[in-house]
Amino acid sequence: SVVHQDFPVADPAYVVDETVTCVVQIKGKVRARLEISPAITDEELEALALADEAVVAALGGAGIRKVIVRAPKLV
């Protein structure tokens, strides 16, 4: 009967996120969102963010004074 059956258990292999959304901010405003792997390093994430066309347009050729990276969620 249904009453005596075990409750289904989730398989951990299917629960793992393959990608996460990273937010790129410039002067406190969101300029881009990147779909990345959760295992990305800070250096790789920074390079991806600086190569994004929306980020390049938002910078407008201005220099970058400070880069804060909190992989995999925020640049």
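The values are calculated or read from the model by the stated rules, or taken from the named source; none is laboratory data. Only a predicted model underlies this, so the values are computations on that prediction, with no experimental measurement involved. Counting neighbours? That spans all protein chains shown, and the Cβs are built from the backbone with ideal geometry, glycine included.
Details
- Any hit, the stretch 5-15, residues being within 9 Å of PRO72 (Cβ to Cβ) and either of a type in the set (Ser, Thr, Tyr) or modelled with pLDDT under 90 (or both): no
- Among the residues of the stretch 33-63, those that are among the β-branched types (Val, Ile, Thr) and either touching a Leu at 6+ places or on another chain (Cβ under 8 Å) or under 23 Å from GLU18 (Cβ atoms) (or both) comprise ILE36, ILE40, THR41, VAL56.
- Pairs where the first residue, in the stretch 62-75, is closer than 13 Å to ILE36 by Cα and among the hydrophobic types (A, V, I, L, M, F, W, C) and the second is in a loop (DSSP other than H, G, I, E, B) and modelled with pLDDT of 85 or more, C-beta under 7 Å, 6+ apart: ALA71/ILE40; ALA71/THR41; VAL75/VAL69
- Helices (runs of 4 or more DSSP H) completely within the chain that count 2 or more residues being hydrophobic (A, V, I, L, M, F, W, C) and within 12 Å of the chain's Cα centre (by Cα): 42-51
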